[in-house]
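Reviewing the structure listed below.
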Amino acid sequence: MNNTITISLVIPAFNEEAIIESSLDTIFSYLDTKPDFKWKVVIVNDGSRDKTGELAEKYRLKRQNLTVIHHRHNKNLGAALRTGFENAKGEYIVTYDLDLSYSPEHIGKLIDKIIETDAEMVIASPYMKGGKVTGVPAKRLIYSKVVNKMMSITAQKKLSTYTGMVRAFKTEFLRSLNLKAMDYEINPEMIYKAFVLRASIVEIPAHLDWSFQNKIGAARMSGVRILRGIFSGFMSGFIFRPYFFFFLVGIIISAVFLYIFVWILINIFTIYPDINTVSVYFDDRLSEAISIAFKTRPHAFLIGGGALLVAIQFLSLGFLSLQNKRYFDESFNLNTKLLREIQKMKNES
């Protein structure tokens, strides 16, 4: 292995006073067993209201390769990660969670895999074959699995875990993504933009373990935050294939229209033989049958007509969003290539 490779470990922290020192002890003890790489640890104190920042600064005095950055106010996960990326150095970046819900051994596995495969991104996945989940509350686990399954359905490439934060990246690739999300949406945003750039994404089996958090009684997501997370997850899924949702709704409403339309036709042709009219022409008798059917069931005509209009609207939005997505993908791909060329020219000059 090349012992000149530098790897930055980016760790967001918000109100982690109870665990920050013990977690950093565990993390650095593990990193010390991996002397083949040069490690840089970046803690981003995201506006904590407790002693997280103070304790992180105190710990920094013991470790030269620890950098602590403070947000004056809480800016949420996306902003904290972006700050960490801006201050990271080296060929690879690993994002990690201070609560040790993934053991430090995952850091080494991620790095080994990204070097082995030369992928742009490697994801620790507890939901793939060989992965494992321990101690996660049932409500939280169901929410997570539903959101990740929904994203898998809508995404261009099938992965098992889209929302997990523990990942390894090539630094140059990560900085080319031009990330914008402010909160948890940053995790699927990375994957979506990696898909656009046709980057290589690899998953490794991981063990998501909340036993420690349950033991110390650490506060986890409230019901409100879970609902917010579900909404955020569905919106993140929407960015993968927005047209999928429009087409799906349009097809469902079209099916309602077709059901009502067939029902109306059956009723009209049931009434038709009994029409007594002076005219012997088919269109006159048919018009009379339609008139009787409308007088008998006017709501069916109104609902059917409304369903047809709404279905057309959603299907039209589906086609428009498909075109817009293709335009965005091409523009993002082109802009990313231009930025890389500009950066390459700057480095050579």
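Laid out as a table, the results:
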| read-out | value |
| --- | --- |
| Options L24, L98, L61: the member that is of a type in the set (A, V, I, L, M) and in contact with a strand residue (DSSP E or B) (Cβ under 6 Å, 6 or more places away or on another chain) | L98 |
| Any pair with Cβ under 7 angstrom, 6 or more apart, that starts in region 98-110 at a residue that is farther than 14 Å from D209 by Cβ and ends at one that is part of a loop (DSSP other than H, G, I, E, B) | L98/E16; L98/I19; I107/Y96; G108/K34 |
| Within region 185-207, tally of residues that are surrounded by fewer than 20 Cβ atoms within 10 Å (Cβ to Cβ) and modelled with pLDDT under 90 | 5 |
| Residues of region 131-163 classified as without any contact (Cβ under 8 Å) to a residue 60 or more places away in the chain, under 25 Å from V10 (Cα atoms) and not in a helix (DSSP H, G or I), total | 3 |
| Residue satisfying all of: in region 293-335; of a type in the set (K, R) and at pLDDT 75 or above; nearest to the chain's Cα centre (by Cα) among these | R297 |
| Test: residue in region 96-104 that is hydroxyl-bearing (S, T, Y) and more than 27 Å from the chain's Cα centre (by Cα) | no |
| Condition check for V133: assigned by TED's automatic domain parsing to the domain that holds M190 and buried (at least 20 other Cβ atoms within 10 Å of the Cβ) | no |
| Qualifying strands (runs of 3 or more DSSP E) (wholly inside region 2-88; at least 1 residues being in the same structural domain as T171 (by TED's automatic domain parsing) and closer than 20 Å to I115 by Cβ) | 6-13, 38-46 |
| Within region 56-68, tally of residues that are buried (at least 17 other Cβ atoms within 10 Å of the Cβ) and either under 32 Å from the mean Cα position of the chain (by Cα) or modelled with pLDDT under 95 (or both) | 4 |
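The values are calculated or read from the model by the stated rules, or taken from the named source; none is laboratory data. Remember, predicted model here, so these are calculated numbers, not experimental data. Ideal geometry is used to build each Cβ from the backbone, glycine not excepted, and the neighbour counts take in all protein chains shown.
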